[in-house]
Amino acid sequence: MKGIVLCCIALVLGHASSQVVEKCRTDTFPPPEDTELDTVIVNLDLDAEERWKAAIAPAQKDIVALIDVITDQFNKYVLEAADFAFDILLNTLPEPYQSEIKGIASVLELPPGQVCLYNIFYELFTVCTSIIQEDAHGQLYHARNLDFGLFLGWDNGNDTWLMSEKLRKIVRNVDYQQNGKSVYQSVSFLGYVGLLTAVKPDTFTVTVNERFNKEGGFIGIYRWLIGDRNEKWMGFLTRDIMDQAGSYSEAKDMLMNDKLLAPAYYILAGNSSGEGVIITRSLDTTLDVKELNPKNGTFLSPPNKTMIHGMHHLFMMIDEHLVTSA
């Protein structure tokens, strides 16, 4: 079984297209009113298989179209093998994520294995960047870009990645609630139950960036398949932190010490001056910790240097906008 799963994962990534450079946009801040995201509520008091249904149902068509971008790359025999393999993998995932994925699959009327593949894709491949900046007044800014969807089909008509187009339609603000009150929020893709970007109000913020390494997600998934399941899936760990950590220091401890299935950069910010850190993770240990230095003002995550310059420019635009709006 583990051989089938790994083979199917390799086939998914083997269909990557050659990179095409997109045009630089200069009209994204302040954001246009028509780009404001809708907010959906995930009620954590409901059973895991039920809590996503109200959020998923209205976007069923768009989520299925996204998953079709992946599945359309294969003939029916490869797809049948992938459905079988990832369905088996799904049944090994920890709760509540396993049940949440199954509940989403039932709403989408898709094989659970296909929804499972969508939920673990970030463990394998993407490109992204985060930045934390503290201004002269002690105000912390935490931002990220998420190049999730690169290399899976190029839309020549719109000069963009086909998967990115589909993802854009299902981006939502997600408000996780208990007892009718907000516990934490995220900007996320509907159908994805982990967290790549999250805010615990007045406590801390977390973003996850992919880290390329020879001992990557394939190694972690192989360990998982042969029965070593002490590691955490990257997006699931972020959500565990939002559920369990009550402070910046508790979140930092979990990010540094919990074992992972894939190498990553975790970027964490608190609510006080100097509370910011980039944690460089391998599967088993923390390799590097860079703390925010308020005197220095900014530090950056290294994966995507082009986006770093763009984000720094964005922060200057934000600061100028705040000054002129005051």
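The values are calculated or read from the model by the stated rules, or taken from the named source; none is laboratory data. Model, not experiment: these values are computed from the prediction. As a convention, Cβ positions derive from the backbone with ideal geometry for all residues, glycine included, and neighbour counts pool all protein chains shown. These accessible areas exclude ligands, DNA and RNA; they are computed on the full protein's heavy atoms, side chains included. Shrake-Rupley method; radii C 1.70, N 1.55, O 1.52, S 1.80 Å.
So, in segment 46-57, of the ones that are open to solvent by 60 Å² or more (accessible area, probe 1.4 Å) and assigned to a helix (DSSP H, G or I), which residue ends up nearest to Leu110 (Cα to Cα)?
So the first thing to find is which residues in segment 46-57 are open to solvent by 60 Å² or more (accessible area, probe 1.4 Å), and the list is 46-47, 49-50, 53-54.
Now drop any that are not assigned to a helix (DSSP H, G or I), which leaves 53-54.
On the way: Lys53: 14, Ala54: 17 Å.
Only one residue fits best here, namely Lys53.
From the list Ala269, Ala262, Ala251, Ala245, pick out the single residue that is more than 18 Å from the chain's Cα centre (by Cα), open to solvent by less than 10 Å² (accessible area, probe 1.4 Å) and not aromatic (Phe, Trp, Tyr).
Testing whether each residue is more than 18 Å from the chain's Cα centre (by Cα), open to solvent by less than 10 Å² (accessible area, probe 1.4 Å) and not aromatic (Phe, Trp, Tyr) leaves just Ala245.
Just one of Ile70, Ile120 is modelled with pLDDT of 80 or more and either part of a helix (DSSP H, G or I) or of a type outside the set (A, V, I, L, M) (or both); which is it?
Of Ile70, Ile120, the one residue that is modelled with pLDDT of 80 or more and either part of a helix (DSSP H, G or I) or of a type outside the set (A, V, I, L, M) (or both) is Ile120.
I need a count of the residues in segment 32-45 that are without any contact (Cβ under 8 Å) to a residue 12 or more places away in the chain and open to solvent by less than 80 Å² (accessible area, probe 1.4 Å).
2
Somewhere in segment 173-186, is a residue of a type in the set (Gly, Ala, Ser) and either at pLDDT below 95 or within 25 Å of Ile267 (Cβ to Cβ) (or both)?
For segment 173-186, residues of a type in the set (Gly, Ala, Ser) and either at pLDDT below 95 or within 25 Å of Ile267 (Cβ to Cβ) (or both): present.
Scan segment 58-79 and give yes if some residue there is within 30 Å of Gly227 (Cα to Cα) and loosely packed, with under 15 Cβ neighbours inside 10 Å, otherwise no.
yes
Mind telling me which of the residues Phe212, Phe218 ends up being in contact with a helix residue (DSSP H, G or I) (Cβ under 9 Å, 6 or more places away or on another chain) and at pLDDT below 95?
The conditions single out Phe218.
Just wondering, is there one or more residues in segment 173-186 that are out of contact with any Leu (no Cβ under 9 Å at 6 or more places or on another chain), open to solvent by 10 Å² or more (accessible area, probe 1.4 Å) and closer than 18 Å to Leu140 by Cβ?
Yes, segment 173-186 has at least one match.
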